[in-house]
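Colleague: Submitted below is the structure of interest, expressed as structure tokens.
The values are calculated or read from the model by the stated rules, or taken from the named source; none is laboratory data. These numbers were taken from a predicted model, which means no experiment stands behind them. Cβ placement follows ideal geometry from the backbone for every residue including glycine, while neighbour counts extend to all protein chains displayed. To get the accessible areas, we keep the full protein, side chains included, count just its heavy atoms, and leave off ligands, DNA and RNA. Shrake-Rupley method; radii C 1.70, N 1.55, O 1.52, S 1.80 Å.
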Number of protein chains: 2
Amino acid sequence: MIDTIQRYVQNPLLLPEHIRPSMDGLVVECVLNPGAFRFAGKIGLLLRVAERPVQDEASVKTVVIDPAAPGGQRILAFQKDDPDLVSLEEDSRGFVYRGQPYLTTLSHLRLAWSEDGLNFRIDPTPTLLGQGELEAFGIEDCRVTEIDGTYYLTYTAVSVHGFGVGLISTTDWEHFTRHSMILPPNNKDCALFPRKIGEHYFALHRPTMEGVGRNQIWLAQSPDLLHWGQHRPLIKTRSGMWDSARVGAGDAPIWTEAGWLEIYHGADENNRYCLGALLLDPNDPSKVLARSGRPIMEPIMEYEKVGFFGSVVFTNGTVVEGDRVLMYYGASDQVVCGATLSLREILASLHTL
Amino acid sequence: MIDTIQRYVQNPLLLPEHIRPSMDGLVVECVLNPGAFRFAGKIGLLLRVAERPVQDEASVKTVVIDPAAPGGQRILAFQKDDPDLVSLEEDSRGFVYRGQPYLTTLSHLRLAWSEDGLNFRIDPTPTLLGQGELEAFGIEDCRVTEIDGTYYLTYTAVSVHGFGVGLISTTDWEHFTRHSMILPPNNKDCALFPRKIGEHYFALHRPTMEGVGRNQIWLAQSPDLLHWGQHRPLIKTRSGMWDSARVGAGDAPIWTEAGWLEIYHGADENNRYCLGALLLDPNDPSKVLARSGRPIMEPIMEYEKVGFFGSVVFTNGTVVEGDRVLMYYGASDQVVCGATLSLREILASLHTL
């Protein structure tokens, strides 16, 4: 099987050791799932940087957002022999203390800039930290969509209240406007269409529920990007296939003459994440015209198969150059990689529905 | 302990046997959780009517929405010895067949009218059936809020896609406009404020997640009632109290000189549902001014303690007459009851926060 996507031979492009920790006592565990965009002649990535405290033998430490602390983050330590501490054995990503869930890592968003799309200068400090009680466990997996000269950032806001979708906008990447939560928990993987269709803006999103077959991609619409309605399911998981357990949107849909092309992720019951594509009607994005049968990308390289959470390729950042798309992606939830693809080739690979 | 609410001595006001089934082969199992409103000098209730097929010994039958079937509903039968059939032992409300969940009952909404608030004429046929794939398992627990002469109905839309909040409007209770899903799954208990505050409409809602302490009342706002944003948590569950496991809004908040009064339900770990009250700032409903310490109503009567789902009092329907509020409520998820309360007395019972 040959992926329809060409990986950069330089992969992985960005590793945790390339990133300066945001405060003393923290190490960067993962750099992953960047949003991608063009600005001022450069390619920008908005990286998700996941950090954890330096651990010692006696305790489990985590880091949470705390506006009162220097740098805005605070390290918490729990004694390992504390009977109130419960590890989540099936998942390396969290634990529970006195009924309250914690993540082992805390994510912020950080900019990196490149002239050639391959070599990036990473900012030495966080660009955006979680803010307020809805982001106390961090912000993750940001999509960047340029609409009429403004960049809209949709990201996962994580806290004890669950995870929902937050919105931030900027025009200069120095000043940011926070617009509050646009989709209540549990929801993630929100990708805005880059322009209105008819009278409304549109978005893909992923309500997240317990139970088989529930984690599907939905469509919503909005008059103003701030308030959303007309929620309806768009595509389902497919039993027995690579996207049998959950599906979620990638970056903003890409306009083509055939319709809106969306590269999405699908996972199976083994939590193996692949990428596929969807084609949506150009005038009515609730109509799915075509969909990948086989994945367009599978985790086959060593850096995609082994890492913080292995067997994962996950994209939420693309930059379009005519027929060619630069696609940035997280591999094994630990490193950032790049690939290129041809819109024509992806469209030709889809199965018409 | 004396409830702050006075029950009607005629309770229960409406029983399943008062309701004509919507089609042959169905029995009305429960009538519960009515929305309540005034229209043309009468008090109207929009009842939730839950029906199930007449069962036989060999099969489990359920009823689903099917636009192609006569009357819009279809009865499905599963053989009890079919190995693909899985009962949900901890819950009388559903089962699973080949990985797909089904409810044992299907709910529709039906009008009932009264001159005195006590004696109701129940329509012989359903007023609103579930419609489309998001309502295939029915529609439930409708709040009715009059805003500028239009009645807005917010209800729970149930399907294999989970449960979300649908919106329907009417001005005459004969013609209804469907506005699609306004809050994506899983969400329920959506109560609209009866007028704008500043530039926006407001609503209470209840994102529903697995896990302790997560089922809280949230606030959202909207420019047009159709699209919602600015989602934020309003009140939490309280450990060790009557509302320790989940809380959800009742009917539309009631305007008082002290602020917005909301009667809400709270349940503990034993699924015992009581009612309490909240007072929200008149100009900024994200500020909680006061809250019930003890419940204002507990399931203490026989008809509240024993039924389809026992130990439940649940309201989503109130009619205000000056200081007096007529409150309709579902008891034990099976019958409709009524009570009256004094706004002044409820306000006096709250604990200032």
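Colleague: Which is farthest toward the positive dipole end of region A:5-346 among A:Val306, A:Met241, A:Pro184, measuring Cα position about the Cα centre, with Cβ charges +1 (Lys, Arg) and -1 (Asp, Glu)?
Modeller: My answer, from the dipole projection, is A:Met241.
Colleague: Is it possible to state the helix-based mean residue ellipticity at 222 nm for chain A, with each DSSP H run of 4+ residues giving -39500 (n - 2.57), the sum divided by total residues, to the nearest 500 deg cm²/dmol? What is it?
Modeller: It lands at -500 deg cm²/dmol.
Colleague: Compare B:Tyr201, B:Tyr264 by solvent-accessible area with a 1.4 Å probe and give them largest first, with all protein chains kept in place.
Modeller: B:Tyr201, B:Tyr264
Colleague: Return the subset of B:Lys42/B:Lys196; B:Lys188/B:Lys305; A:Lys188/B:Lys188; B:Lys61/B:Lys305; A:Lys80/B:Lys188; A:Lys236/B:Lys305 for which the Cα-Cα distance in this structure is over 30 Å, preserving the input order.
Modeller: The pairs that break the limit, which is 30 Å between Cα atoms, are A:Lys80/B:Lys188; A:Lys236/B:Lys305.
Colleague: Could you compute how much accessible surface A:Lys287 exposes when probed at 1.4 Å, giving the result in Å² to the nearest 10?
Modeller: Accessible surface of A:Lys287 is approximately 110 Å².
Colleague: Does the protein assembly as shown come out rounded, prolate or oblate by the C-alpha gyration tensor, with a ≥ b ≥ c the root eigenvalues, rounded set by a/c under 1.5 and, if not, prolate when a/b is larger than b/c and oblate if not?
Modeller: prolate
Colleague: Arrange the residues B:Asp24, A:Asp141 by how much accessible surface each exposes, largest first, with a 1.4 angstrom probe.
Modeller: B:Asp24, A:Asp141
Colleague: Quick one: how many Å² of A:Ile65 are accessible to a 1.4 Å probe, rounded to 10?
Modeller: 20
Colleague: Per residue of A:227-238, count partner chain C-beta atoms within 10 Å of its C-beta, then hand back the mean as an integer.
Modeller: That works out to 6 on average.
Colleague: Let me ask something additional. Give the distance, in whole Å, between the Cα centre of region B:116-138 and the Cα centre of region A:33-83.
Modeller: If you average the Cα positions of each part, the centres end up 51 Å apart.
Colleague: So, with +1 on the Cβ of K and R and -1 on the Cβ of D and E, and no other charges, what is the size of the charge dipole of region A:5-346 about its Cα centre, to the nearest 20 debye?
Modeller: 620
Colleague: What average count of beta carbons from other chains do you get within 10 Å of the Cβ of residues in A:186-193?
Modeller: Mean shielding by partner chains, rounded to a whole number: 2.
Colleague: What average count of beta carbons from other chains do you get within 10 Å of the Cβ of residues in B:177-184?
Modeller: 5
Colleague: Find, among the GluC sites (Glu not before Pro) in region B:79-149, those assigned to loop by DSSP (not H, G, I, E, B) with at most 12 other beta-carbon atoms within 10 angstrom.
Modeller: B:Glu89, B:Glu90, B:Glu115
Colleague: Between B and A, which B residue has the Cβ nearest their rotation axis, distance in Å?
Modeller: Nearest residue, distance rounded to whole Å: B:His227, 2.
Colleague: Gain in length, B:Arg121 to B:Asp84, computed as 0.36 nm per residue apart minus the alpha-carbon separation, to one decimal in nm?
Modeller: This chain segment gains 9.0 nm when fully extended.
Colleague: Going by a ≥ b ≥ c, the root eigenvalues of the Cα gyration tensor, does region B:5-346 fall in the rounded group (a/c under 1.5), the prolate group (a/b larger than b/c) or the oblate group?
Modeller: It is rounded, given that a/c, with a ≥ b ≥ c, falls under 1.5.
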